[in-house]
Amino acid sequence: MTDPIRRLTPADAAAAAALHAAGFADAWSAASIEGLITSPNVLALGWEEGGNLLAFALFQSSAGDCELLTIATDPVRRGQGLAGALLDAAIPALVAGGDSRLLLDVAEDNTSAWRLYTRFGFTEDGRRKRYYTAGRPAPVDAILMSRPIGA
């Protein structure tokens, strides 16, 4: 069986943007995703089956830290482990690149993502008050999280 996880290329930007739009009110454009995919300090991974991109994650490294910029899964495939598999696949590559800590932020009302991150060993470091506004009746906090990776 072929591994469904692979590095994204610029040709994947439109499909990634469509996945992002299916999951976020403040969706990123294909052009902005393509710019990240081609950036030398970004790891872009996707889950593909039958020629269809079903999930993707973008990680940006800087000075020994790596930030999970975004992760998105096709709504019909959520809860099936695709996002977790992308996190698992990314960590060895990030450690090999010299990163020792993985950072992220998550909207406080995104409980499924928060549960995923805590299962992966992320802990809360702080909050950005009223950070997320798109698609919500009132702003919600961003929960800042991190976890060590590597040795």
Query raised in the report: From the residues in the stretch 21-47 that are in contact (Cβ under 8 Å) with a residue 24 or more places away in the chain and open to solvent by 60 Å² or more (accessible area, probe 1.4 Å), which one is nearest to Arg78 (Cα to Cα)?
Result: Phe24
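Per-residue answers, yes or no, for (1) buried (at least 19 other Cβ atoms within 10 Å of the Cβ); (2) touching a Leu at 6+ places or on another chain (Cβ under 8 Å); (3) closer than 18 Å to Phe122 by Cβ:
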{"residue": "Leu8", "(1), (2), (3)": "yes, yes, no"}
{"residue": "Ala15", "(1), (2), (3)": "yes, yes, no"}
{"residue": "Leu19", "(1), (2), (3)": "yes, yes, no"}
{"residue": "Leu58", "(1), (2), (3)": "yes, yes, yes"}
{"residue": "Pro75", "(1), (2), (3)": "no, no, no"}
{"residue": "Ala85", "(1), (2), (3)": "no, no, yes"}
{"residue": "Pro92", "(1), (2), (3)": "no, no, yes"}
{"residue": "Arg101", "(1), (2), (3)": "no, no, yes"}
{"residue": "Glu108", "(1), (2), (3)": "no, no, yes"}
Query raised in the report: With Ala57, Ala44 as the choices, which residue is over 17 Å from Arg101 (Cβ atoms) and at pLDDT 95 or above?
Result: Ala44
Report summary line: Among strands (runs of 3 or more DSSP E) completely within the stretch 23-120, the ones holding 3 or more residues that are within 17 Å of Ile149 (Cα to Cα) and within 12 Å of the chain's Cα centre (by Cα) are 52-62, 65-73, 101-107
Report task. Please specify each residue of the stretch 137-151 satisfying the condition of being assigned to a loop (DSSP other than H, G, I, E, B) and open to solvent by less than 70 Å² (accessible area, probe 1.4 Å). Result -> Ala138, Pro139, Ile149, Gly150
Report task. Would you check if there is a residue in the stretch 122-136 being farther than 15 Å from Phe24 by Cβ, part of a loop (DSSP other than H, G, I, E, B) and modelled with pLDDT of 95 or more? Result -> yes
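The values are calculated or read from the model by the stated rules, or taken from the named source; none is laboratory data. None of the values given here were measured: they were computed from a predicted structure. Cβ atoms come from the backbone with ideal geometry, glycine included; neighbour counts cover every protein chain shown. Ligands, DNA and RNA are stripped out before the accessible areas are found, and what is left, the full protein with its side chains, is counted by its heavy atoms. Shrake-Rupley method; radii C 1.70, N 1.55, O 1.52, S 1.80 Å.
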